[in-house]
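Engineer: Quick one: structure below, then a few questions.
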Amino acid sequence: GAPNVSTAPAVREQHGHDESMHPCAPPDVVVWPQAVGQVQELAALCHRCRVPMVPFGTGTGLEGGVNAVQGGVCFDLSRMDTIAELSLEDFSVTVEPGVTRKALNKHLRGTGLWFPVGTVGVRGVMGVGVTGV
C-alpha cells in the first residue's frame, strides 16, 4: 500500500545513487517490504514481468550497486530490521538486512561482542553484498 510504495521523484532520486562517483540512476518505484514473504512475492512478480530489481540498504556503497540503470523496482530493506538470533557459543548472529551496525552493537552490548567499524556495514553485507558503512 501507499506507505510502503513511492513513485515520488525525490524518493526515487534518493534511492538512485550511493557514495560512488556514478551519476544518479533512479528506479521507477521504491518499495519497503517488511517481511521475507513480501520480498519473495515482489521478486516473483518482477521476474514474471521482467522488471529489474535493485536492493537498497543505506546507500553508502562505493560501487554504484543501487543505481537503477535500467529503471525497475528498488527494494528498500531498511524496515526489515529484526535481530532474529544471537549465539554467544559460536559468535554468530542472524539479522534481517535492515539491521544497522549501531542497532546490532546496542543489541550486543554486555555480551563482550561487537561489530566493528570498518569498510563493510551490516546493511552493506546483508542488503546488497558490497562495501558501505
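The values are calculated or read from the model by the stated rules, or taken from the named source; none is laboratory data. As the structure is a computational prediction, the values presented were derived from the model and not from experiment. Every residue, glycine as well, gets a Cβ built from its backbone with ideal geometry; the counts of neighbours run over all protein chains shown. Please note that ligands, DNA and RNA were not included when accessible areas were found on the heavy atoms of the full protein model with its side chains. Shrake-Rupley method; radii C 1.70, N 1.55, O 1.52, S 1.80 Å.
Engineer: Distance in nm between label sites at LEU42 and ARG109, each 7 Å beyond Cα in the beta-carbon direction?
Structural biologist: For LEU42 paired with ARG109, the spin-label model returns 3.0 nm.
Engineer: Shifting gears a bit: Which cross-chain or sequence-distant (5 or more) residues have an amide H under 5 Å from the amide H of VAL29, H modelled 1.01 Å from N in plane?
Structural biologist: Excluding prolines and chain starts, which carry no amide H, the hits are GLY72, CYS74.
Engineer: Next question, about the same structure. Express the carbon and sulfur contribution to the solvent-accessible surface of the chain as a percent, rounded to the nearest whole number, probe 1.4 angstrom. Walk me through the intermediate numbers first.
Structural biologist: Values: 4600 of 7930 Å².
Within the chain, the accessible surface is 58 percent carbon and sulfur.
Engineer: So, one more: Where the centre of each part is set by its Cα atoms, how far does the range 20-83 sit from the range 89-118, in angstrom?
Structural biologist: A separation of 24 Å, based on Cα centres.
Engineer: Tell me, what is the per residue accessible area of the chain in Å², probe radius 1.4 Å? Intermediate values should be presented prior to the final figure.
Structural biologist: Values: 7930 Å² over 133 residues.
Here the residues of the chain average 60 Å² of exposed surface.
Engineer: Between VAL93, VAL51, VAL73, find the one with the highest GNM mean-square fluctuation for the chain; connect C-alpha pairs within less than 10 Å.
Structural biologist: VAL93
Engineer: Sticking with this one: In whole angstrom, and with the biggest value first, how far do the Cα coordinates of the chain range along each principal axis?
Structural biologist: Computed over the Cα atoms, the extents are 45, 34, 23 Å.
Engineer: Now for a different question. Check each of the trypsin sites (Lys or Arg not before Pro) in the range 17-103 and keep only those in coil by DSSP with at most 10 other C-beta atoms within 10 angstrom; list them in order.
Structural biologist: On the way: sites: ARG48, ARG50, ARG79, ARG101, LYS102; in loops: ARG50, ARG79.
In loop regions of the range 17-103 (DSSP not H, G, I, E or B), the sparsely surrounded trypsin sites (Lys or Arg not before Pro) are ARG50.
Engineer: In whole Hz and in residue order, list the ³J(HN,Hα) couplings for the range 77-86 that follow from phi through the Karplus curve 6.51 cos²θ - 1.76 cosθ + 1.60, θ = phi - 60°; x for Gly and Pro.
Structural biologist: So the J values, rounded to whole Hz, are 8, 5, 7, 9, 10, 8, 9, 7, 8, 10.
Engineer: Using 0.36 nm times the number of residues separating LEU86 and ARG50, minus their current alpha carbon distance, what extension gain do you get? Walk me through the numbers before you get to the answer.
Structural biologist: Working: separation 36, 0.36 × 36 = 12.96 nm, distance 3.74 nm.
Once the chain is fully extended between LEU86 and ARG50, it gains 9.2 nm.
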